[in-house]
Each structure stands twice: as C-alpha cells, then as structure tokens.
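The values are calculated or read from the model by the stated rules, or taken from the named source; none is laboratory data. Note that the structure is predicted; figures quoted are calculated from it, not measured. Here Cβ is always computed from backbone atoms with ideal geometry, including for glycine, and neighbour counts include all displayed protein chains.
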Amino acid sequence: MRIRPGILIAIAAIFAVLIGGRFLGWHGSKPTEVVNGETPTTASDPTPPAPDPRPVAAPPSRPLRPITSTVQPPATTAVPQAPAPSAQITDWEERIDSVLTGQEEDGQKAKRLLALFPNLPEDGQVEAAQHISNLLPDEQYSSLAQALTNAAMPEAVLDVLMTDVLNRPNQLKLETLLEVARTPNHPKAEEARDVLEVFVDENYGEDWAAWKNAVENWLKENPDE
C-alpha cells in the first residue's frame, strides 16, 4: 500500500507539535534557582510582589533636651574692701572734759576714755593717752597695752604710752616691751629692745625665744613686791 506524501507531511507536523509542547512544558515547570537564600524575580514575571498590608509603625519620638553648656563660668574672687572709717569725734575736748569731770571712779573714767580713743584725732589721742595713763590701774593695763603694741599708732601717742609703761610694775613692763620689740616695723621696737637689754644685761638680736627666756629668768630673780 502506498502512502501519499501529503499524509507523511501531516504526520511529521503532528510529531513536531507534540515534541515542542513537551519541551516547553519541561522548561516551564523547572524550579527557580535560589541565590543567597532569596528568590530572584525574573523579567518574565510581570506581577510585582504584593505590598505588606500591615502599617509600618513610626519610631517613637523622644523629647528634645535643652543643650546645656558644660563650661563653668570662672569663679569670681571677692575683692576685700577696706573697712569704712569710723566717724571721727570733732568735739573731743568737750567729750574728754565731760569724762574727767564726772563722778565715776578712776578706772571707769579710763574705760570711757579708751572707748573714745579709736575715734579721736591724733591730738585727741595724745591728750586721752595722758589721762588714761594716770587713771588706769595696773590690773586693767592689758587694754592699754594693745594700743602700745599697735605699730600703726601715731608716734606721738606711742611716746606717751612708752613713758607710761616704764612706770608700771616690772612684770607688765618687761612683757609689754618684749611684745613691742618683736612687732615688725614698730616705731618703738629698737627703743624697747634697748630697755630690755638694760634689765637682762644681754642683747639677743632677733632670737625672741632667747629674749623671752631671759626676761622670765630675770622676773623670777626680781619679783614685784
């Protein structure tokens, strides 16, 4: 039996269609390669991935803190202020006369003059010092000794006080003169040291411990009666 060429061509076309369909199906069902754990999208896939329907939470906002400087301002150094001068007594002559003519005891009058003393002018201090020297008993001399050992006191006043201390008992005299002699820049320091040398019969220069020891020894050997 002779097969016609037209039938053979039709059969070959059918086989070609079947074989091509199987080849395409095999490639279409091949799994997609995974690279680094991710499934790459292909250019042939026209459908983009669906967006995540869950809302994205905004990061919590923190309140802004005010910017503070860490630089500390320099400490201010308080400038010492000179004490305000006391009001000087202008009617000092009447004030001194009022004390002297009062009915109080001598010791009390000396105390009142000492209270006026810091506010008196230099002339008034000189006159007051003369009266205080006559009125102040030995038992209260420590209050006047403070004026004698003050290097800032006017020299005219110190002259009066030096004369007074030389007439005091030896205990008061030598101890006060020692303080005057060892006070820096005191106008009467040299004079006080000369007097001490007459008593202890020795000059110890600037060795004040030796001076003190010599004065104490002299007073033990020559106590006040």
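Miscellaneous remarks
- Flag for Val126 being modelled with pLDDT of 95 or more, β-branched (Val, Ile, Thr) and surrounded by 14 or more Cβ atoms within 10 Å (Cβ to Cβ): yes
- Subset of the stretch 204-215 [without any contact (Cβ under 8 Å) to a residue 24 or more places away in the chain and surrounded by 13 or more Cβ atoms within 10 Å (Cβ to Cβ)]: Tyr204, Ala210, Asn213, Ala214
- Which listed residue, of Val126, Val195, Val99, is in a helix (DSSP H, G or I), of a type in the set (Val, Ile, Thr), in contact (Cβ under 8 Å) with a residue 12 or more places away in the chain and closer than 29 Å to Trp211 by Cβ: Val195
- Within the stretch 144-177, tally of residues that are under 40 Å from the mean Cα position of the chain (by Cα), buried (at least 18 other Cβ atoms within 10 Å of the Cβ), not hydrophobic (A, V, I, L, M, F, W, C) and not in a helix (DSSP H, G or I): 1
- Subset of the stretch 178-197 [over 27 Å from Gln140 (Cβ atoms) and over 42 Å from the mean Cα position of the chain (by Cα)]: Asp194, Glu197
- Residue check, Val180 touching a His at 6+ places or on another chain (Cβ under 7 Å) and either in a loop (DSSP other than H, G, I, E, B) or of a type in the set (Val, Ile, Thr) (or both): yes
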